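Following: one structure in structure tokens, then a few remarks.
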Amino acid sequence: MNLIQACRWARELSSDLIVSGESLTGKKYNTQIMKWKPPPAGFVKINVDAAFKAESQQGATGVVIRDENGHVLATKCKWYDSIPNILTVEAYAARDGAVLMNLLNRPKVMLETDSLELQSLWRSKDNNRSTILLF
């Protein structure tokens, strides 16, 4: 599967899961749909996410950059081979977002990720970041 096919597949699958509201067993489950929250005036928000397949050590990242009105300024998705773990590909997603943001040349930026482990490492004052020092 090439990168474009992988991105389309991920988008279609996530849409199908949200619409159906059913698990693989056919039982209904209660989902809480999180809505995008705009950044403060004058800022842009980078939303990043990642996917990881342990068996093949492959992953993919996705980036969406929007302004305070919700207008999409840029998007990117990228496929990675030889990824050791989910934390690494989540860190790559943050890096991909920062690189894309740099091209837009906007000074006020917020980055949002759902990876609590990456957020914790980012805020950490110690030097225990060896897993994500690859980038």
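The values are calculated or read from the model by the stated rules, or taken from the named source; none is laboratory data. If you're wondering where the values come from, they're calculated on a predicted model, not measured in any experiment. Don't worry about glycine lacking a Cβ; one is built from the backbone with ideal geometry, like all the others, and counts go over all protein chains shown.
So, Ile86, is that one at pLDDT below 85 and among the hydrophobic types (A, V, I, L, M, F, W, C) or not?
For Ile86, the condition - at pLDDT below 85 and among the hydrophobic types (A, V, I, L, M, F, W, C) - is not met.
For segment 66-95, which residues satisfy the criterion of being of a type outside the set (Gly, Ala, Ser), closer than 16 Å to Lys108 by Cβ and touching a Leu at 6+ places or on another chain (Cβ under 7 Å)?
Arg66, Asp67, Leu73
What number of residues within segment 102-116 are in a strand (DSSP E or B) and among the charged types (D, E, K, R)?
1
Give the number of residues within segment 57-92 that are more than 20 Å from Pro39 (Cα to Cα) and surrounded by fewer than 17 Cβ atoms within 10 Å (Cβ to Cβ).
Residues in segment 57-92 being more than 20 Å from Pro39 (Cα to Cα) and surrounded by fewer than 17 Cβ atoms within 10 Å (Cβ to Cβ): 7 in total.
When you scan segment 37-63, how many residues do you find that are in contact with a Ser or Thr (Cβ under 9 Å, 6 or more places away or on another chain) and either farther than 16 Å from Asn102 by Cβ or modelled with pLDDT under 90 (or both)?
Number of matching residues: 9.
Restricting to segment 93-125, count the residues that are surrounded by fewer than 16 Cβ atoms within 10 Å (Cβ to Cβ) and of a type in the set (Asp, Glu).
Counting residues in segment 93-125 that are surrounded by fewer than 16 Cβ atoms within 10 Å (Cβ to Cβ) and of a type in the set (Asp, Glu) gives 2.
Output the qualifying pairs, or none if there are none: Cβ atoms under 6 angstrom, residues six or more apart or on different chains, first residue in segment 50-78 and in the same structural domain as Leu111 (by TED's automatic domain parsing), second residue polar (S, T, N, Q) and part of a strand (DSSP E or B).
If the second residue must be polar (S, T, N, Q) and part of a strand (DSSP E or B), the pairs left are Ala50/Thr61; Val64/Asn47; Val64/Thr75; Lys78/Thr61.
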